[in-house]
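Visitor: There's a structure below that I have some questions on.
The values are calculated or read from the model by the stated rules, or taken from the named source; none is laboratory data. Fair warning: this is a prediction, and the values are worked out from it, not measured in the lab. FYI the Cβ positions are ideal-geometry reconstructions off the backbone, even for glycines, and counts take in every protein chain you see.
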Amino acid sequence: MKGVAVAIVAILATAEAGPTQFTPCQGVPQDACTVQEVNIRDCDSYPCQIKRGEDMVTEVTGTPYFTSDDAVIVLEWMDDIFGYPITVNNGGRPENACQYTTCPLQAGEPSTLVYKMPVSSMYMPGTYTFRGKLYNPDDESQVCCFETQAEIV
């Protein structure tokens with residue numbers, strides 16, 4: 001794999017991506033993957049501001065410690081009110097990660113994934129925890145996962 005990780009949020013624009021603050025996902029074992037860097041286009045402050053009705057682009061670099069021929073990605077808003085994640089990409093379903101990186105994923109090989117996602121004008125303004133996960137659908141314990149804050153404006 002030449003690309004790994006999970007995409008998160010960023011506004012598509014002419015500026016290049018810059019390093020964004022992120023943390024490993026709470027409650028997710030970190031022994032299957034290391035996320036080295038998350039870059040969100042047009043993000044020059046934390047939390048990144050995301051405009052409703054525009055596209056977001058995120059670049060994530062990481063090293064999986066597993067091999068997968070058909071990895072998938074899931075993007076989630078963490079719902080602070082009800083305490084569970086809400087999947088926001090691909091109509092609420094996992095998406096084929098191989099569309100955004102080279103597959104198969106190779107254990108121990110650093111790689112980068114670039115993901116573009118529209119931000120619905122229906123999203124409520126506010127600051128949210130956003131989670132990106134890339135995992136092996138045959139063994140969901142083989143996962144790369146990170147979280148960051150995003151402000152929808």
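Visitor: For segment 45-153, please list each of the strands (runs of 3 or more DSSP E) lying entirely inside it that holds at least 2 residues being more than 16 Å from the chain's Cα centre (by Cα).
Guide: Per the criteria, 126-136, 139-152.
Visitor: When segment 18-45 is examined, which residues are found to be farther than 21 Å from Pro64 by Cβ, surrounded by fewer than 19 Cβ atoms within 10 Å (Cβ to Cβ) and either in contact with a Leu (Cβ under 7 Å, 6 or more places away or on another chain) or modelled with pLDDT under 90 (or both)?
Guide: Matches in segment 18-45: Gly18, Asp44, Ser45.
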